[in-house]
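For reference, the structure discussed in these notes is given below.
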Amino acid sequence: MPPTMASAFRRRTALAGSALLTGALLTIPSLTGSASAAPTTYQPTWASVDQHPAAPEWFQDAKFGIYFHWGAFATAAYGSEWYPRNMYVGGSNENNHHKSVYGDPSVWPYNNFIDGARDKAGNWVQFAPKLKSAGGNFDPNEWAQLFADSGAKFAGPVAEHHDGFSMWNSSVNEWNSAAKGPKLDLLQLFADAIRAKNLKLLVSMHHAYNFTGYYDHVPTQSSNSLKKLYGQLGTTAEEQLWYDKLKEVVDKVQPDILWQDFNLSRISESKRLNFLSYYYNQANSWGKEVVATYKDGFDNKGEVYDYERGGPAGIQYPYWLTDDAISASSWSYTNGISYYSAPAMLHALIDRVSKNGNMLLNISPMIDGTIPQGQKDVLNAIGTYLKRNGESIYSTRAWSTYGEGPTKMGGGSFTTPRAGTAQDIRYTRSKDNTVLYATVLGWPGNGASLNLASLANGKVNLSNLSRVEMIGNTAGTYINLPNRNQDGSGLHITLPNQPYSALAYVVKLTFNGQIGSTGTPSPSASPSVSPSSSPSASPSVSPSVSPSVSPSVPVTGACSATIETTNSWPGGFQSNVTVRAGGSAVNGWTVKWTWPSGQTISSLWNGTQSVSGSSVTVRNADYNGSIAAGGSTTFGFTASGTAATPTATCTSP
């Protein structure tokens, strides 16, 4: 999701900063870990599904996954994966492009990309990739091999995006890839290929937004079939279809991870609970431990919270996930797409693992099934690193301190990946707590002294430290680092001459017994609060809390707000509003401004609006109301009138 126009609106602008889920357990797990027995049968109640183990051990061991935005929505290769929506927004870049290349959307609608039609130049346009075996460029087995070589432990497709086109042979949605377009059951092809490489299968579903806002500029359709595609069947029928699609995916491919995008909070609570209980009961019948993720509408007792393009600033419990993209400009392939560097993406992975999270990385294949070489290069660089240093990533756990150094990463959603420096250290530990890994995000220099400040005298007892080594050029080989001393500023380790060129280097500290410590880590030593994403539709449900823990509610603090215009066209514009917390956390916010010349908001994301004349008041949505000290969150809107950026004020109760 790029920092340009459609960026803030392409997928939900999620919570920025760690915020508290009411009743969430804020304890640091025991060093050896423990797993509570899952129920044999789940009921469609929060009390029941909250007993589901959210992040099974295999998921916490996996660390790295890959998925991909690829489908009919990307056929135009222009703008972003929100092209099907924005082509209907009069005056937008996508709308102008569409009219120029294809024709007015009233005569050349989005469904033409699925059914096939000729553009104004006479070219046939359709989402219809062909398998290599049929003379095309698409080979799901090659994709799966690339994912495995990149070091991913789970992978899978966007099985349906906001556009309403299902990438499987659906009996509830005629707009599917087996019946139209490629005439292939793409989800099944990917499931078979990915599992053949011994990877866990992730299925990504984004369809909640299909009927809750994505097509709000599309005229009412004439047939029930087209109404189904464009989310116009009415709430009752659409919610049933939302559930039926999930049920089909669950039964068809038995996903290990079922990832969902935003706006689940707009789905009736009963439907959400029916889905969770069905998925978990089916998993029990398969003998599988599964993961359901969310951005809103569920909670982090039975499900895993997902940060979009980000993560917390420090260690956070319970276990969490981020989905990030290889490109800043779009989640799907577009002409001229650019990519983050390999160091930035790798260092983002290392940072997130050090903070008790997993990273799901999105790639953007071309519509014919080709994965661009620039994307392969980034994945191959990550794979090269993980082949050598995988023991410091896979099956590790967060230590009491995530790291040190000048480069700050995370702090909420929508934080840009950045490469670290030779002064940046990230820590992980073995599950049995006898090995500590210190990953250096650059080479400090030949013969330099590596300073690990977190292992200073008085912080960590090193009396049982048996050896210090650097992981060698080949996995399982080590370079002894015998010269070291500890004082009040850290553990100082003399490095050899640079043994090989790499994007990061791992120092392995092995202890006789448990890693020495002068005290037990506490939540205050490493921030560990849970994202605010309460189901909210069930206020009568009181989440259980361990009696030995008193969750800390964010304190009231000052906030500020700024408005930025991200795109404009004749008669309208889109803007982001960034709300920032000051030195204290903010629990709820209200932003106000006054329009200078009659502008009006037509669509609002992530807030509740009230208007009195030219004065606008926006209050937080449930899931982005709490902001950590120094953190921020963003909401966005489209408006009619001349683009304006009035001064905004922010207050917190």
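Would you check which residues across segment 429-450 are part of a strand (DSSP E or B), touching a residue at least 40 places away in the same chain (Cβ under 8 Å) and either open to solvent by less than 30 Å² (accessible area, probe 1.4 Å) or under 27 Å from Ile382 (Cβ atoms) (or both) and list them?
Arg429, Val435, Leu436, Tyr437, Ala438, Thr439, Val440, Leu450
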Quick one: count up the residues across segment 543-564 that are modelled with pLDDT of 75 or more and not hydroxyl-bearing (Ser, Thr, Tyr). 5
Just one of (1) assigned to a loop (DSSP other than H, G, I, E, B); (2) under 24 Å from Asn263 (Cβ atoms); (3) open to solvent by 10 Å² or more (accessible area, probe 1.4 Å); (4) among the small types (Gly, Ala, Ser) trips up Ser225, so point out which. (1)
When Trp124 is evaluated against the numbered criteria (1) more than 26 Å from Phe190 (Cα to Cα); (2) aromatic (Phe, Trp, Tyr); (3) touching a residue at least 24 places away in the same chain (Cβ under 8 Å), which criterion, by number, is the only one it fails? (3)
Taking segment 80-117 and keeping residues of a type in the set (A, V, I, L, M, F, W, C) and within 22 Å of Ala179 (Cβ to Cβ) leaves Trp108, Phe113, Ile114, Ala117
Filter segment 372-408 down to residues that are more than 21 Å from the chain's Cα centre (by Cα) and more than 25 Å from Lys508 (Cβ to Cβ) and give me whichever is surrounded by the most Cβ atoms within 10 Å (Cβ to Cβ). Pro372
Any idea how many residues of segment 75-109 are open to solvent by 20 Å² or more (accessible area, probe 1.4 Å), polar (S, T, N, Q) and outside any loop (DSSP other than H, G, I, E, B)? 3
Identify, please: which residue in segment 408-428 is in a loop (DSSP other than H, G, I, E, B) and among the basic types (Lys, Arg) and is, among those, nearest to Gly582 (Cα to Cα)? Lys408
Can you name every residue in segment 198-209 that is farther than 13 Å from Phe165 by Cβ and touching a strand residue (DSSP E or B) at 6+ places or on another chain (Cβ under 8 Å)? Leu199, Lys200, Leu201, Leu202, Val203, Ser204, Ala208
Condition first: surrounded by 17 or more Cβ atoms within 10 Å (Cβ to Cβ) and over 27 Å from Ala344 (Cβ atoms). Now tell me which residues in segment 470-491 satisfy that. Leu481, Arg484, Gln486, Leu491
Over segment 232-249, the set of residues out of contact with any strand residue (DSSP E or B) (no Cβ under 8 Å at 6 or more places or on another chain), in contact (Cβ under 8 Å) with a residue 40 or more places away in the chain and among the aliphatic types (A, V, I, L, M) is Leu241
When you go through Tyr209, Tyr243 one by one, which is the residue that is closer than 25 Å to Pro56 by Cβ and outside any loop (DSSP other than H, G, I, E, B)? Tyr243
All positions within segment 161-194 that are of a type outside the set (A, V, I, L, M, F, W, C), farther than 16 Å from Asp323 by Cβ and open to solvent by less than 30 Å² (accessible area, probe 1.4 Å): Asp163, Gly164, Ser166, Ser170, Asn173, Asn176, Ser177, Gly181, Pro182
Flagged in segment 385-396 as closer than 22 Å to Lys200 by Cβ and either in a helix (DSSP H, G or I) or touching a strand residue (DSSP E or B) at 6+ places or on another chain (Cβ under 6 Å) (or both), in numbering order, are Tyr385, Leu386, Lys387, Asn389, Gly390, Glu391, Ser392, Thr396
Any residue at all in segment 309-317 that's out of contact with any strand residue (DSSP E or B) (no Cβ under 8 Å at 6 or more places or on another chain) and among the charged types (D, E, K, R)? no
Filtered residues of segment 110-152 (kept if open to solvent by 40 Å² or more (accessible area, probe 1.4 Å), part of a helix (DSSP H, G or I) and over 20 Å from Ile194 (Cα atoms)): Asp115, Ala134
Tell me the residue from Asn567, Asn606, Asn576 that is modelled with pLDDT under 85, touching an Asp or Glu at 6+ places or on another chain (Cβ under 6 Å) and closer than 22 Å to Tyr215 by Cα, please. Asn576
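Being under 30 Å from Gly383 (Cβ atoms), β-branched (Val, Ile, Thr) and in a loop (DSSP other than H, G, I, E, B) is the filter here; which residues of segment 457-476 pass it?
Correct list: Thr474 only.
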Among (1) open to solvent by 10 Å² or more (accessible area, probe 1.4 Å); (2) farther than 30 Å from Tyr333 by Cβ, the one test that Phe414 misses: (2)
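This table checks each residue for (1) in contact (Cβ under 8 Å) with a residue 12 or more places away in the chain; (2) under 30 Å from Ser392 (Cβ atoms).
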site: Ala155; (1), (2): yes, yes
site: Asn173; (1), (2): yes, no
site: Ala179; (1), (2): no, no
site: Leu199; (1), (2): yes, yes
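What residue, of Thr617, Thr633, Thr638, is assigned to a strand (DSSP E or B), over 15 Å from Ala561 (Cβ atoms) and not charged (D, E, K, R)? Reasoning before the result, please.
Details: Thr617 fails: over 15 Å from Ala561 (Cβ atoms); Thr633 fails: over 15 Å from Ala561 (Cβ atoms).
Answer to the selection: Thr638.
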Do we have any residue at all in segment 481-503 that's of a type in the set (Val, Ile, Thr), modelled with pLDDT under 95 and over 30 Å from Ser268 (Cα atoms)? no
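The values are calculated or read from the model by the stated rules, or taken from the named source; none is laboratory data. Source: prediction; values computed, not measured. Here the Cβ is made from the backbone with ideal geometry for all residues, glycine too, and neighbour counts use every protein chain on show. With ligands, DNA and RNA removed, areas are computed over all heavy atoms of the protein, side chains included. Shrake-Rupley method; radii C 1.70, N 1.55, O 1.52, S 1.80 Å.
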